[in-house]
Amino acid sequence: MATRIRLQRHGKKGKPFYHIVSADSRAKRDGRFIEKLGTYNPNTNPAVIELDFERALHWVATGAEMSDTARAILSYKGVLYKNHLVKGVAKGALTDAQVEERFAKWLEEKESKVSAKSDKLAKDADKEKADRLKAEADVSA
């Protein structure tokens with residue numbers, strides 16, 4: 001049975017919400033699935049991704065194919081990088097301690113990038129609000 005990790009669409013028209021699932025490749029897009037791995041909400045900025053990391057890593061290590069979007073989400077969350085490092089342990093190139101150290105360093109850098117982006121978005125929103133209030137005050141005066 002060929003297994004795929006893909007997105008299952010939920011939500012109403014114009015407000016998509018996706019479940020990340022592992023499913024038989026012959027199943028319909030929103031049909032039967034083997035296991036729910038997480039959720040993806042693209043309606044917010046930045047998008048909210050909740051993922052069962054260990055189960056996703058298990059399916060990737062087992063050889064499940066991924067859709068393009070699912071691959072991007074798993075890469076963003078670090079599942080593909082962790083799988084790459086674990087394969088290095090199997091080949092004898094790395095130890096478990098080195099894998100954990102490298103992954104922790106990568107995760108820390110990733111979290112700093114995401115927090116910087118959310119801070120920038122909040123700062124830009126505040127600046128835009130202040131500019132609109134100033135423009136309105138100029139027009140009123």
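What does the charge count around Tyr40 come to, taking other residues whose C-beta lies under 12 Å from its C-beta (Lys +1, Arg +1, Asp -1, Glu -1)?
On the way: positive: Arg6, Arg9, Lys36, Lys77; negative: Glu50.
After counting each charged neighbour, the total is +3.
Suppose R0 equals 30 Å. What FRET efficiency, 1/(1 + (r/R0)^6) with r the Cβ-Cβ distance, do Ile34 and Ser75 give to the nearest 0.05?
Values: r = 21 Å, r/R0 = 0.71.
Here the calculated transfer efficiency is 0.90.
The count of lysine pairs in the range 44-141 whose Cα atoms are under 16 Å apart, excluding pairs fewer than 8 places apart on the same chain, comes to 12.
Provide the FRET efficiency to the nearest 0.05 for the Asn41-Ala93 pair, computing r from the beta carbons and using R0 = 35 Å. Walk me through the intermediate numbers first.
Details: r = 37 Å, r/R0 = 1.06.
Approximately 0.40, to the nearest 0.05.
Summarising the label geometry, the points placed 7 Å from Cα in the beta-carbon direction at Glu54 and Glu111 lie 1.9 nm from one another.
Can you compute the helix-only [θ] at 222 nm over the chain? Use -39500 (n - 2.57) per DSSP H run of at least 4 residues, normalise by all residues, nearest 500 deg cm²/dmol. Numbers along the way, then the final one.
Values: 4 runs with 78 residues, N = 141.
Value at 222 nm, helices only, nearest 500: -19000 deg cm²/dmol.
On average, how much accessible surface per residue is there in the chain, in Å², for a 1.4 Å probe, leaving out ligands, DNA and RNA?
Working: 9740 Å² over 141 residues.
I get 69 Å² per residue for this part.
Of the residues Phe33, Phe103, ranked by 1.4 Å probe accessible area with the largest first, the sequence reads Phe33, Phe103. Based on Cα contacts under 8 Å between residues 6+ apart, the chain shows a relative contact order of 16 percent.
Using the Cβ-Cβ distance between Lys123 and His10 with R0 = 25 Å, the FRET efficiency computed as 1/(1 + (r/R0)^6) comes to roughly 0.15. Using 0.36 nm per residue and subtracting the Cα-Cα separation, the extra length available between Arg102 and Asp24 on full extension is 24.8 nm.
Counting only protein heavy atoms and a 1.4 Å probe, tell me what percentage of the chain's accessible area is made up of carbon and sulfur. Could you put the intermediate results ahead of the total?
Numbers: 5080 of 9740 Å².
Taking all protein chains in place, the chain shows 52 percent carbon and sulfur surface.
The values are calculated or read from the model by the stated rules, or taken from the named source; none is laboratory data. As the structure is a computational prediction, the values presented were derived from the model and not from experiment. Ideal geometry is used to build each Cβ from the backbone, glycine not excepted, and the neighbour counts take in all protein chains shown. The accessibility values were calculated without ligands, DNA or RNA, using every heavy atom of the protein model including side chains. Shrake-Rupley method; radii C 1.70, N 1.55, O 1.52, S 1.80 Å.
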